[in-house]
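The structure appears right after this line, and notes come after that.
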Amino acid sequence: MRERDGGALQRLRRNQSLQRLLGLVMGVAFGVFLQLGGVTRYDVIIGQLLLYDFTVVKVMLSAVAVGMVGVYLLIHLGLASLSIKPGSIGTTVLGGIIFGCGFAVLGYCPGTVAGAVGSGALDALFGGVVGILIGAAIFAELYPRLDASVLQRGKIPDTTIPELFGVHPRAVIVPMVILIVAILSGIEYLGL
Amino acid sequence: MDWTPYLAGLGIGILSWFTFLLSGRPLGCSTAYARTSGMIERAIRGDAVLEKSYYRKFVPQIDWEWMLVLGIVIGAFITAIMQGEFALIWVPSTFEAAFGSSSLLRLAVALVGGVLMGLGARWAGGCTSGHGISGTLQLAIASWIAVVVFFVSGIIVAFLLYGVIAP
């Protein structure tokens, strides 16, 4: 769906210095929510990966359900457009496996590690952030060789579930939201 | 029942409406680290770094997402202070219970984990926010695959660490 040519919105999005300010403001809000939700804590993230504390799943799934409805509504109104990341088995699955190892060993992810730094976690700052920067630099170094080999293997269609099945987004969003509510109810029922 | 995680999720969901509307982009964090690495490399090795193909794709500069990650630190700091939960800690309690109270051990483990995370996040083209929240809420196929792989791999390694390796 094409975005409406809202001149004011387009100008706002192109204004680099204003966008940096907006990024900061939105980041502060993100940090407040991550900290309130408890997901900036190592103990909570490890508790999720060891399957005895489902806080991370609760935060993520409720964010996805709320975000999905609003973002698709904005798209429907012509006020936003999709921004889909391309993927392949070589990137998404291989990279995802490495990411998962880092997730469990570090106990934070790139967003929550920043929140953990704000809440005073020194392991997040001197281990996590420093390590992530080194890891990102290693990837930049390896990128030309990886791109010529594994990254292109097994292309995943860079599209959405409704587009893949040729259905209206609503036909996926409604069942998805119901499913998320059911999963979260189940988690609460089990007291996890 | 504790509603706090849901309120946090509600807040992040609504925040994502505004990132799409006002900034024309989804929430994401890991690209900011790649740009920072580029800035550090450039400071050390000079402008030749900008010729690397990866840094041509992700130019080492301060952009919206970089400021977003900085904002997370500030937002979490303010909230932690207000909650009375701000504390300078080297070893989280769950780690300490399994592996002891050595700050050096925790630092080494966190560093190894961080390197894997930075490598994996850039390899997979996104992290728990970029794929896990923003990609999934757009119903992107690659992102749903990514988030499942992140968690399955994370769960297996966490059980190995805490179930097998922990003394």
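The values are calculated or read from the model by the stated rules, or taken from the named source; none is laboratory data. The shown structure was predicted, so the numbers you read here are calculated from the model rather than taken from an experiment. Heads up, the Cβs are rebuilt from the backbone with ideal geometry, glycines too, and the neighbour counts pull from every protein chain shown.
A few comments on the model shown:
- Residue in the stretch B:4-19 that is nearest to A:Leu61 (Cα to Cα), counting only those that are crowded, with 24+ Cβ neighbours inside 10 Å and either polar (S, T, N, Q) or modelled with pLDDT under 95 (or both): B:Ser16
- If you go through the stretch A:108-118 and keep only what is closer than 20 Å to B:Gln83 by Cβ and in a loop (DSSP other than H, G, I, E, B), you end up with just A:Tyr108.
- Contact map, the stretch A:82-94: residues that are touching a residue at least 60 places away in the same chain (Cβ under 8 Å) paired with residues that are hydroxyl-bearing (Ser, Thr, Tyr) and surrounded by fewer than 19 Cβ atoms within 10 Å (Cβ to Cβ), Cβ distance under 6 Å, separation 6+ or inter-chain. No pairs are found.
- Residues in the stretch A:172-192 that are more than 8 Å from every other protein chain (Cβ to nearest Cβ) and either at positive phi or surrounded by 13 or more Cβ atoms within 10 Å (Cβ to Cβ) (or both): 7 in all.
- Scope the stretch A:119-128; condition crowded, with 24+ Cβ neighbours inside 10 Å and assigned to a helix (DSSP H, G or I); matching residues: A:Asp123, A:Ala124, A:Gly127, A:Gly128
- Complete set of residues in the stretch B:16-38 that are under 17 Å from the mean Cα position of the chain (by Cα), in a helix (DSSP H, G or I) and not small (Gly, Ala, Ser): B:Thr31, B:Tyr33, B:Arg35, B:Thr36
- Of all residues making up the stretch B:39-58, the number that are surrounded by 12 or more Cβ atoms within 10 Å (Cβ to Cβ), in contact with a Lys or Arg (Cβ under 9 Å, 6 or more places away or on another chain) and more than 7 Å from chain A (Cβ to nearest Cβ): 3
- Unique residue being buried (at least 24 other Cβ atoms within 10 Å of the Cβ), facing chain B (nearest Cβ under 7 Å) and under 16 Å from the mean Cα position of the chain (by Cα) when the list is A:Pro110, A:Pro86: A:Pro110
- Only one entry in A:Asp53, A:Asp5, A:Asp43 is outside any helix (DSSP H, G or I), at pLDDT 95 or above and not small (Gly, Ala, Ser), namely A:Asp53.
- Scope the stretch B:77-120; condition of a type in the set (D, E, K, R) and within 17 Å of B:Val157 (Cβ to Cβ); matching residues: B:Arg106
- A residue that is part of a loop (DSSP other than H, G, I, E, B) and closer than 25 Å to B:Trp66 by Cβ cannot be found anywhere in the stretch A:19-31.
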